[in-house]
Amino acid sequence: MEIFQVAGAIVCTHRHEGMEKLPLRLLKNQKGKYMVAVDTIGSRTGNWVYTISGSAARLALPDKSLITDLTIGGVIENWETEESNSAAT
Amino acid sequence: MEIFQVAGAIVCTHRHEGMEKLPLRLLKNQKGKYMVAVDTIGSRTGNWVYTISGSAARLALPDKSLITDLTIGGVIENWETEESNSAAT
Amino acid sequence: MEIFQVAGAIVCTHRHEGMEKLPLRLLKNQKGKYMVAVDTIGSRTGNWVYTISGSAARLALPDKSLITDLTIGGVIENWETEESNSAAT
Amino acid sequence: MEIFQVAGAIVCTHRHEGMEKLPLRLLKNQKGKYMVAVDTIGSRTGNWVYTISGSAARLALPDKSLITDLTIGGVIENWETEESNSAAT
Amino acid sequence: MEIFQVAGAIVCTHRHEGMEKLPLRLLKNQKGKYMVAVDTIGSRTGNWVYTISGSAARLALPDKSLITDLTIGGVIENWETEESNSAAT
């Protein structure tokens, strides 16, 4: 799963059937590249999130018939990278 | 979903069966790389669009037997990236 | 679909069952990276082609049991990127 | 399969159903990019691991209904890259 | 299919069920990045190989229940990139 920061909202027209109801979010990755993802968990601009790609992106939605290749999986509250944490695993 | 700008039309020969009827568009990504996508929503040169890749690209087409790995999902009318928008979510 | 130039032929041994009969071509992408693709449309060295990746690469072959993750979809005869073309869409 | 070093733990909220029970790990790739993966083998911070992506990431889990696009496949104990090893194959 | 050079062997622990019996090889791509692939054709260190990724990587194995996202498809004996070869196609 990739890590992105939510950059804002996105307004689209001409959506395909099955994408009309999807709440889309604009994401920015660690290199500054923008992507669009489906958000069903209510992330906010500025949140760090991880995303689920590929066929799993559809499985993560309550309605499996919706079409997406990138879905926000969760909001990252914090992470721990100290070497000392390895003992706690 | 990735973000591209529609760069123009593309003329191909020797298409596979199941690709003959597909309207193909030339896209350019944020780094200037060109890609080819199926467009069933009528995007125009200069439009910013987001695309659906992988197996979902086929699901986005009315006829699921058509072959594609990249389909235009919608035209991006505008996006909002101000921090102040996060409260509205 | 990605865009490549056909760079030449490729000779392989120890192919998997289901890959023995596949005509393989050496491709070069826009950054000079080499890839290998299945070609069932008879492209020639120097041709610009677009390719189909992922599970769709298998669907593009007449025999769906053949194994590939990259198949040439068509030869690109020419493309038009002028802004004036957008009106014709 | 890609190679990563386990960088630490990650704490998330608003997880999708089917991801609540998944033990997530923060990984760092060879270029310093961070990713999130499911770990069901008990890797520790500092370990080098290889990961399974795409639909295979789900197949690698005991419960196939869990949602992931990246699963740790194994801990890499050591590797041998000497030319002399080729004779032993 | 991507092109790699076989860099050596790799020793792992804590493998998932369904990966225990897989012969894994360490590969190096054209930019020096290391990857891990399943090898069922007996490639040797120093060999240039092409690999099959995604769901096709599993289909390339005799036992389809084995888990992989990258499988060596064949050893590349030589390639021809001269323009003059195009006439022979």
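Checking the stated criteria, C:Ile10 turns out not to satisfy the condition of being closer than 18 Å to B:Ile10 by Cβ and among the aliphatic types (A, V, I, L, M). Which of the residues belonging to segment A:10-23 are outside any strand (DSSP E or B) and free of Cβ contacts under 8 Å to residues at least 24 places away in the same chain? Once the filter is applied, which keeps residues that are outside any strand (DSSP E or B) and free of Cβ contacts under 8 Å to residues at least 24 places away in the same chain, segment A:10-23 yields A:His14, A:Arg15, A:Glu17, A:Glu20, A:Pro23. Of all residues in segment D:24-68, those satisfying the criterion of being in a strand (DSSP E or B), more than 10 Å from chain A (Cβ to nearest Cβ) and either free of Cβ contacts under 8 Å to residues at least 40 places away in the same chain or aliphatic (A, V, I, L, M) (or both) are D:Asn29, D:Val49, D:Ile52.
Among the residues of segment E:72-89, those that are facing chain C (nearest Cβ under 8 Å) and modelled with pLDDT of 90 or more comprise E:Gly73, E:Gly74, E:Val75, E:Ile76, E:Glu77.
Within segment B:8-23, the set of residues being at the interface with chain C (Cβ under 7 Å from one of its Cβ atoms), buried (at least 18 other Cβ atoms within 10 Å of the Cβ) and among the aliphatic types (A, V, I, L, M) comprises B:Ala9, B:Ile10, B:Met19.
Residue-wise test of (1) in contact with a helix residue (DSSP H, G or I) (Cβ under 7 Å, 6 or more places away or on another chain); (2) among the small types (Gly, Ala, Ser).
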site	(1), (2)
B:Met19	no, no
B:Pro23	no, no
B:Leu27	no, no
B:Gln30	no, no
B:Tyr34	no, no
B:Ser53	no, yes
B:Ala60	no, yes
B:Ile67	yes, no
B:Gly74	no, yes
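The values are calculated or read from the model by the stated rules, or taken from the named source; none is laboratory data. From a predicted model like this one, the values you see are computed outputs, not experimental measurements. Cβ sites come from the backbone with ideal geometry, for glycine too, and all protein chains shown count toward neighbours.
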